[in-house]
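Structure record follows, encoded as structure tokens.
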Amino acid sequence: MSERNTTAAAAGGLAEPDLVAAMRNLPGCREYLDLPVEDAVLHRVLDSARFAPSGGNRQGWRVAVVRDADTKRTLRDLYVAPWMRYVNEHYGTDETMSEDRKRRVADATRMAESMDEVPVHLVVWLDMSVVAVTDSEAGRPSVVAGGSVFPFIQNVQLAARAEGLGTRITTLLSEEEAAVRALVSAPQDWALAALVLVGWPVRLPKKLSREPVETFTWSERFDGPRFTA
Ligand SMILES: Cc1cc2nc3c(=O)[nH]c(=O)nc-3n(C[C@H](O)[C@H](O)[C@H](O)COP(=O)(O)O)c2cc1C
């Protein structure tokens, strides 16, 4: 055990290498086994996720745990059209896409079309009546509001990973917020944050594709040199 790990363990028993490994290996799951996810397991996941930070510690996340087949089918139907629109607008045609992009889009489309078969849909909302939005006057879409719910969602995904579960997040259902609100009886002043699919994975990719630190970090100012180790 390294010196840092000894210190971390003494401070609270955190297994630092496991924590870092989890951060570096949390892929969106594209294929799920046809196996139920027990309430007790889901409850454990949510029980860990609730320690996420939120502005003013308001904890405005609200979650519908959906297992009902009809509700999941409706969510799938609401999702597929915005997904196909998104693909057409952002990824272009089969002729212009790289092979890797084509494979990823095909995987995501297959998942969209069968997402009602994933055992659990967590429909995550943010109660806007409690959330602190400090950039509401900035003249652009708020980025701060989401900061009070997406750390919670990341925690859900990490805690699910610790149970061996796979997850995938989608925010495209926001285009159909009114329909989703009616479907799960969400109050008017809640905003739809995301749908998180949860199930036992068939397999998870071993290596995630992410840009290195130097591509997105500068030293001191954005007109200066890149930040390097
Ligand atoms: C805010 C947010 C919204 C996302 N929305 C979608 C979505 O609508 N559909 C989807 O298939 N994946 C969605 N994803 C998953 C991303 O596509 C995925 O994290 C990214 O492509 C990296 O893939 P990987 O984690 O499998 O490496 C979303 C992720 C985030 C963080």
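The values are calculated or read from the model by the stated rules, or taken from the named source; none is laboratory data. This is a predicted model, so every value here is computed, not measured. A quick note on method: Cβ atoms are made from the backbone with ideal geometry, for glycine too, and the neighbour counts reach across all protein chains shown.
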Those residues of the range 19-58 which are out of contact with any Lys or Arg (no Cβ under 9 Å at 6 or more places or on another chain), more than 15 Å from the ligand (Cβ to nearest atom) and part of a loop (DSSP other than H, G, I, E, B) amount to LEU33, ASP34, LEU35, GLU38, ARG50, PHE51, PRO53, SER54, ARG58
Residue count, the range 82-119, condition within 21 Å of PRO205 (Cα to Cα), without any contact (Cβ under 8 Å) to a residue 40 or more places away in the chain and within 11 Å of the ligand (Cβ to nearest atom), comes to 5
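What about VAL143, is it within 15 Å of the ligand (Cβ to nearest atom) and either modelled with pLDDT of 95 or more or surrounded by fewer than 16 Cβ atoms within 10 Å (Cβ to Cβ) (or both)?
Values: within 15 Å of the ligand (Cβ to nearest atom): yes; either modelled with pLDDT of 95 or more or surrounded by fewer than 16 Cβ atoms within 10 Å (Cβ to Cβ) (or both): yes.
Yes; evaluated as a whole, the condition is true for this residue.
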THR217 passes all but one of the listed conditions (1) within 14 Å of the ligand (Cβ to nearest atom); (2) surrounded by fewer than 19 Cβ atoms within 10 Å (Cβ to Cβ); (3) among the polar types (S, T, N, Q); the exception is number (1)
Expected single match for modelled with pLDDT of 95 or more, of a type in the set (A, V, I, L, M, F, W, C), more than 21 Å from the chain's Cα centre (by Cα) and within 23 Å of ALA112 (Cα to Cα) among ALA193, ALA160, ALA182 is ALA182
Within the range 101-121, restricting to residues that are out of contact with any helix residue (DSSP H, G or I) (no Cβ under 7 Å at 6 or more places or on another chain) and outside any helix (DSSP H, G or I), the one that is farthest from ALA191 (Cα to Cα) is SER114
Of those in the range 59-73 that are in contact (Cβ under 8 Å) with a residue 40 or more places away in the chain and part of a helix (DSSP H, G or I), the residue farthest from the ligand (Cβ to nearest atom) is ALA69
If we keep only residues of the range 158-204 that are part of a helix (DSSP H, G or I), in contact with a helix residue (DSSP H, G or I) (Cβ under 7 Å, 6 or more places away or on another chain) and among the acidic types (Asp, Glu), then the residue farthest from the ligand (Cβ to nearest atom) is GLU176
Mind checking whether some residue in the range 207-214 is over 25 Å from ALA64 (Cβ atoms), more than 17 Å from the chain's Cα centre (by Cα) and not in a loop (DSSP other than H, G, I, E, B)?
yes
So, first residue farther than 24 Å from ALA132 by Cβ in the range 35-56, second residue surrounded by 12 or more Cβ atoms within 10 Å (Cβ to Cβ) and among the β-branched types (Val, Ile, Thr), Cβ within less than 8 Å, six or more apart or across chains; the pairs are VAL37/VAL120; VAL37/VAL198; LEU42/VAL65; LEU42/VAL120; LEU42/VAL198; VAL45/VAL156; VAL45/VAL198
Per the list (1) modelled with pLDDT under 95; (2) within 28 Å of SER185 (Cα to Cα); (3) in contact with a helix residue (DSSP H, G or I) (Cβ under 7 Å, 6 or more places away or on another chain), residue check on ALA22 breaks on (2)
